[in-house]
Amino acid sequence: MATYFQININYRSRQRQLLNAVLAIITGVLTLSYPGFLYLIAGGYLMALGLLMIYFRLPPVIAALPIITGILIFTFPNLIPYTFAAFLGFFGLILLMALQFSIMGFLTLIIAILIVMNPDSVALFIAIFLLLYGVSNIIKIVQSRNNKQYLSG
């Protein structure tokens, strides 16, 4: 007689991923719509991201990074290109290390380099990153649900 147990530990991870995706897409659309308010939008996004990380109990060092970056953007709005590029560089490295050289990690690092090379287009590059990040998270959520349904049925 076989007894099967299934423990769902990905619930909070999936919920966090969905909230991150929605937050990124909304922020990306706002950045494209109102590039003049970039420091408010980018700083607000980073603060909200940090608070989400605290809520979902991620390691404090990782959760503090977006909050500190957001505070720096609010304090020194002229440094947005370099501050956000540094955040993206660190975030890209985390994506590469945690997800075994994922495409999104490489794209994040490329966008960080492009921001440093062309700081006048920072709003466009930030919007592109946020939209790519949000859409890729939604695609992962849909794929994981489809795989789960395929495996169970």
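Roughly what percent of Cα-Cα pairs across the chain reach past 28 Å?
Values: 2610 of 11628 pairs.
In whole percent, the share of Cα-Cα pairs in the chain beyond 28 Å is 22.
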With the 1.4 Å probe rolled over protein heavy atoms, segment 42-153 has an accessible area per residue in Å² of 57
For segment 27-153, which whole-number percentage of the solvent-accessible area (1.4 Å probe, protein heavy atoms only) is attributable to carbon and sulfur atoms?
74
Listed residues MET53, ALA86, MET117: farthest to the positive end of the dipole of the chain (Cβ charges)
MET53
Please report Rg (one decimal) and Dmax (integer) in Å for the Cα set of segment 101-144.
11.8, 38
Assign unit charges at the C-beta atoms only (+1 for Lys and Arg, -1 for Asp and Glu), then state the dipole size of the chain relative to its Cα centre in Debye, rounded to the nearest 20.
600
Return one number: the angle in degrees, 0 to 90 and rounded to the nearest 10, between the long axis of the Cα atoms of helix 11-33 and the longest principal axis of the Cα atoms of the chain.
30
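Note down the relative contact order for the chain as a percent, whole number, built from C-alpha pairs under 8 angstrom at least six residues apart.
So the answer I get is 30 percent.
The values are calculated or read from the model by the stated rules, or taken from the named source; none is laboratory data. Bear in mind the structure is a predicted one, so any value in this text is a computation, not a measurement. Cβ coordinates were reconstructed from backbone atoms using ideal geometry, including for glycine residues, and neighbour counts include every protein chain displayed. Only protein heavy atoms, including side chains, enter the accessible area calculation; ligands, DNA and RNA are left aside. Shrake-Rupley method; radii C 1.70, N 1.55, O 1.52, S 1.80 Å.
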